[in-house]
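The values are calculated or read from the model by the stated rules, or taken from the named source; none is laboratory data. Values in this document were obtained by computation on a predicted structure and should not be read as measured data. Reconstructed Cβ throughout: ideal geometry from the backbone, glycine too, with neighbour counts over all protein chains shown. Just the protein is used for accessible areas: all its heavy atoms, side chains included, with ligands, DNA and RNA removed. Shrake-Rupley method; radii C 1.70, N 1.55, O 1.52, S 1.80 Å.
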Amino acid sequence: MPLPSKRTDIFSESIIRKMTRIANQYNAINLSQGFPDFDPPPELLERLAQTCKTGPHQYAITWGAKNFRDALVKKINHCTGLSIESEKNIVVTCGSTEAMMASVMSVCDPGDKVLIFSPFYENYTADTVLTGALPLYISIDPDTLEFDRKEFEKAASQGVKALILCNPSNPTGKVFTIDELEFIASMATKYDFFVITDEVYEHIVYPPYKHIYFSTLPGMFDRTLSCSSLSKTYSITGWRLGYVFGNEKILDRGKKVHDFLTVGAAAPLQEAAIAGLEMGDEYYAELQNEYIEKKDLFLSYLDKAGLEYIDPMGAYYVMVKIPAEVSDDNHFAEWLIKNCGVAAVPGSCFYREPVHSYIRFHFVKKKETLIQAGEKLLLIKQKIGEYRR
Ligand code: GLN
């Protein structure tokens, strides 16, 4: 048998999905892979039921159905203050996952360098490697969530083609400050690179922190490919609806890459999701309040369990320090499933550096589920005495 591609040799099973698999095997509460156990807003479900009867059921325009793109662009312009156009500046994709892949492929050639902040969401290395580009990593301090600007400039000055910026960040919940973003913008101008953003948690930010869209910074629109999705904002992770917006010329290339990758996102789901895009500001305010409540509830259990954590500024994850008795996050995460019935992701899978002191929980679950999980986490204190490596 011939050998598979060398490029994909480095790929292993996604640790996030592996933890879901083990959680299911032991019937544990799954706080590893981040997805809700509650329904999307009823408006979307009603529109979906109606769409079953009325259609569309055939291909939409490859870069997005016109009515969906129009509704999306209206919502984006409202939230960002930009004035992008639905015919020129946007491509609808199969989730932000495809938006990121198509973006990297649209601007990078094999051998180009791509900067990635570490820790990072696992797909970014894959996006880079599948393009034939080379990932370069910049460390975010695991405890302070800050990065060294000298280290950044040293990496950026090596002729990089693009930076991947996940803001608000998965897994740490870091929300980049205006000062940090302005620094990144100055570097992008000085060293002439693209910025590919992943802003899927744009509406999940905890006051006093605020999300700033990178492409709204002076001079940044033309070098930013802004990726996001409807997955988190409307609790529809399985609908796989994402998008990328930016400069017309780059997006023109993006349209072609996207067409060859997937042809298009599901037409009936685009139609049904318009009901979400048409909701007013109160929907996003309510969403934020719900997440504040979920975060406060889950973090109160971490406090009771005596666990240390990094209070997230945004997104719906929390990085929790593993107990002092334990030295390995992978082993601890499996122990936690088997002994306490709660699944988390070992934090090391997000890091380029050997950081083994954190596990990541998500709290995108019903209040009841979070209470159940929280009660189980209280068992750690009793059981940790029996912990054997
Ligand atoms: N974004 C979610 C997480 O980080 C889901 C990841 C996935 O299934 N690939 O957990």
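Structure summary
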{"quantity": "Sole exception among (1) part of a helix (DSSP H, G or I); (2) over 23 Å from the mean Cα position of the chain (by Cα); (3) modelled with pLDDT under 95 for residue 70, by number", "calculated": "(3)"}
{"quantity": "Pair list, Cβ under 6 Å, 6 or more apart: the stretch 34-46 residue more than 18 Å from residue 277 (Cβ to Cβ) and of a type outside the set (D, E, K, R), other residue in a loop (DSSP other than H, G, I, E, B) and within 16 Å of the ligand (Cβ to nearest atom)", "calculated": "34/364; 36/235; 36/364"}
{"quantity": "Selected residue [away from the ligand (no atom under 16 Å from the Cβ) and under 23 Å from residue 32 (Cβ atoms)] from 201, 206", "calculated": "206"}
{"quantity": "The stretch 1-47 - residue that is under 19 Å from residue 367 (Cα atoms) and small (Gly, Ala, Ser) and, of those, farthest from the ligand (Cβ to nearest atom)", "calculated": "28"}
{"quantity": "Sole residue being over 22 Å from residue 347 (Cβ atoms) and in contact with a Cys (Cβ under 6 Å, 6 or more places away or on another chain), chosen from 150, 190, 154, 161", "calculated": "161"}
{"quantity": "Condition broken by residue 293, with the remaining ones in (1) among the acidic types (Asp, Glu); (2) under 21 Å from the mean Cα position of the chain (by Cα); (3) assigned to a loop (DSSP other than H, G, I, E, B) satisfied", "calculated": "(3)"}
{"quantity": "Strands (runs of 3 or more DSSP E) enclosed by the stretch 73-141 - at least 2 residues per element that are closer than 20 Å to residue 188 by Cβ", "calculated": "113-118, 134-139"}
{"quantity": "Criterion (open to solvent by less than 10 Å² (accessible area, probe 1.4 Å) and of a type in the set (Ser, Thr, Tyr)) met by exactly one of 209, 201", "calculated": "201"}
{"quantity": "Residues within the stretch 155-168 that are in contact with an Asp or Glu (Cβ under 9 Å, 6 or more places away or on another chain) and open to solvent by 10 Å² or more (accessible area, probe 1.4 Å), tallied", "calculated": "3"}
{"quantity": "Where residue 279 falls short, out of the listed (1) assigned to a loop (DSSP other than H, G, I, E, B); (2) closer than 24 Å to residue 15 by Cα", "calculated": "(2)"}
{"quantity": "Candidates 232, 255, filtered to the one that is open to solvent by 20 Å² or more (accessible area, probe 1.4 Å), outside any helix (DSSP H, G or I) and either out of contact with any Ser or Thr (no Cβ under 6 Å at 6 or more places or on another chain) or modelled with pLDDT under 95 (or both)", "calculated": "232"}
{"quantity": "Residue that is over 22 Å from residue 211 (Cα atoms) and more than 16 Å from the ligand (Cβ to nearest atom), where the choices are 333, 373, 324, 344", "calculated": "324"}
